[in-house]
Amino acid sequence: MNAPCTIILAAINVIVFFVLSLRGMTENGMFLLEHGAMYVPKVIEDREIYRLFTSMFLHFGFQHLMNNMIILVLAGWNLEIEIGKIRFLLIYVLSGLGGNVLSAWWEVITADYAISAGASGANFGIIGALLYIAIRNHGRIGEISGRGLIFMIVISLYYGFSSGGVDNMAHIGGLLTGFVSGVLLYWKRNRKSRAGFDR
């Protein structure tokens, strides 16, 4: 298996979703809050810091889960092959945390608190890291172009800002964290050494 960590992360998200689905309604914010969703007053006042992490594996309904898992598998597969398992996991986790931290900061500034969950911050981090790697490799990473990634980012952010119920700050925070993590963790390799893995 070329990208085992990507598959394992997707499997964890799916398993968590179906286990919770047997116990209640995953579309219900209070139900997800009871099981680790992000809520800034809980993080700050009750010091439940773990929510910054656990919320990355929770989703509001099946469509939310599937949207994030499709992006995780497609983008994560390419990043893991390019950068390796450990660095891929670091980027995924750091981006999810970075997205949640920026989202929390923004909610404190605006005093507009909401229950949030999902892997999209981590996914945006994967895309941010792929963008940096594409830039380092003359605008491409395998069959993915830097322009294509930029187009995906712009469309995704536009959709988020033009729709309701989307944690845009988590997306931006994840994207920036992923890009910076890519800068710190990616070392350009000889393309011949991975010619068999280009997609």
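Observations on the structure shown:
- Heavy-atom surface analysis with a 1.4 Å probe gives the chain a carbon and sulfur content of 67 percent of its accessible area.
- Applying 1/(1 + (r/R0)^6) with r as the Cβ-Cβ distance of A111 and V154 and R0 = 41 angstrom yields a FRET efficiency of 0.90.
- Pair M25, I135: separation of 7 Å Cα→Cβ label points (nm): 4.4
- Mean separation of Cα contacts under 8 Å, 6 or more apart, over the residue count of the chain: relative contact order %: 25
- The Rg/Rh ratio for the range 1-101, using Cα coordinates for both the radius of gyration and the Kirkwood hydrodynamic radius, is 1.00.
- Per residue Cα convex hull volume in Å³ - calculated over the chain: 111
- A 1.4 Å probe run over the protein chains yields, for the range 1-137, 46 Å² of accessible area per residue, whole-number rounding.
- Sparse-neighbour loop sites [trypsin sites (Lys or Arg not before Pro); the range 12-66; at most 16 other C-beta within 10 Å; DSSP]: R23, R47
- With a simple spin-label model that places each label point 7 Å from the Cα along the Cα-to-Cβ direction, the separation between R147 and T54 comes to 4.6 nm.
- For the chain, the longest principal axis of the alpha carbon atoms and the long axis of helix 120-136 meet at an angle near 20°.
- Value of relative contact order over the range 14-88, rounded to a whole percent, pairs C-alpha under 8 Å and six or more apart: 27
The values are calculated or read from the model by the stated rules, or taken from the named source; none is laboratory data. These numbers were taken from a predicted model, which means no experiment stands behind them. Here the Cβ is made from the backbone with ideal geometry for all residues, glycine too, and neighbour counts use every protein chain on show. We work out accessible area using only protein heavy atoms, side chains counted, and drop any ligands, DNA or RNA first. Shrake-Rupley method; radii C 1.70, N 1.55, O 1.52, S 1.80 Å.
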